[in-house]
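Where a number appears in this text, it was derived from the coordinates with a stated rule and is not lab data. Just so it is clear, the structure is predicted and the values come from calculations on it, not from any experiment. Glycine gets a Cβ as well: all are built from the backbone with ideal geometry, and neighbour counts include every protein chain shown.
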Amino acid sequence: MRPFSYQRPTGIAEALRDASGGGVRFLAGGTNLVDLMRADIERPTAVIDINRLPLGEIEETASGGLRIGALVPNSDLAYDSRVEVRFPLLSSALLAGASAQLRNAATTGGNLLQRTRCYYFYDLATPCNKRDPGSGCAAKSGLTRIHAILGASPHCIAVHPSDMAVALAALEAEVLTTGPSGDRRIGIADFHRLPGDTPQVDTNLEPGELITAIELPAEGFADHYSYLKLRDRLSYAFALVSVAAALRLEDDVVAEARIALGGVAHKPWRNPEAERLLVGRPAGRDGFDAAARVLLEGSEGQGANDFKIPLARRAIVRALEQAAAATPQSPTDKRIR
Ligand code: SF4
């Protein structure tokens, strides 16, 4: 690990002041950043430990939603009774991610900022445009089992690893930030980026900008939801494909639909056209098949991950069927039903 300065401010203004130079990283749970620093992939010159900032509460909003402080641990968020009852899709996604120990340390803000698990990003002996811009992409001629089928670019085919972000995309959460340009509210759809020709930039955060909270709107789709995660083993593995499905039904007809995919692109993947297509139709197989086809339009495998396309199609249909049937999803039982 390379030398870096370390500050532990107690106020947000102080943290922003400390972050005004270049080469700064905010440290919260550290479950990804510290590993990356040890591996010499992240090389900050200054680390600002934000764990003393007052960002650890979950509060009601005036509009009936919840504001989740950026430092709320993933496990506290998943088991918060308000989240369990009103936003069970979010609880399910959080409990599908990582291990219990990691969820105890990882924070809400940090979860959004975790970096890809592309094998080559972590292997300093191979070229990687995300780690070392302009060096090339070893994955394109390498092992592509875990890589993207949507939204990839010639420069990077990595996927975003977060489960939480997929549920937040379906719930249309907003990310609240503060930084050198003041406070901002960023829709979750605009928070992460596709790789394009700058795969080294994962999000639309500005330098020195700090996530302070995530806000959930009032509608939590608590009656009809599913988070379906398909992976190589049942626990402690990243998604090959995941689906966050949320429906609002009126007499078994779809009044509103949200579908977000994980494990398939550089950011949680949605297509409003696929969701609109379901509205006004019976909540059944025909509509779900049609929505899956639209959602996966333009999908393209890299060879070893071609299987993800039919897998995603079936997962979308299954998740929508589970949501429509209000299939019980115990937070302590993560078996796929
Ligand atoms: Fe790097 Fe992206 Fe290529 Fe992986 S897919 S090696 S992260 S550029």
What percent do you get for the relative contact order of region 1-101 when only Cα pairs under 8 Å and 6+ apart count?
24 percent
Please give the helix 308-324 orientation as an angle from the longest Cα principal axis of the chain, in degrees from 0 to 90, rounded to the nearest 10.
70 degrees
Taking the Cα-to-Cβ direction at E60 and at R17 and moving 7 Å from each Cα, how far apart do the two end points lie in nm?
3.7 nm
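In nm, what is the difference between 0.36 nm times the number of residues separating D35 and Q7 and their Cα-Cα distance?
Details: separation 28, 0.36 × 28 = 10.08 nm, distance 1.90 nm.
Going from the current span to full extension adds 8.2 nm.
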Under 19 Å from the 7 Å Cα→Cβ point of R117, by amide nitrogen: which residues of region 243-276?
243-244, 261-269
Can you tell me the length gained on complete extension of the stretch D251 to Q200, counting 0.36 nm per residue apart and subtracting the Cα distance?
13.7 nm
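Relative to the present Cα-Cα distance, how much length would full extension add between D306 and A325 at 0.36 nm per residue of separation? Can you show the working numbers first?
Numbers: separation 19, 0.36 × 19 = 6.84 nm, distance 2.98 nm.
3.9 nm is the gain from fully extending D306 to A325.
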Neighbour net charge for Q200 - beta-carbon separation under 12 angstrom, K R +1, D E -1
0
Calculate how steeply helix 285-295 sits against the longest principal axis of the alpha-carbon atoms of the chain, using the helix alpha-carbon long axis, and give the answer as 0 to 90 degrees to the nearest 10.
30 degrees
What's the lysine pair count for the chain at a Cα cut-off below 20 Å, pairs eight or more apart or interchain?
8
Pairwise label distance in nanometres, S235 with R184, each label 7 Å out on the Cα-Cβ vector
3.9 nm
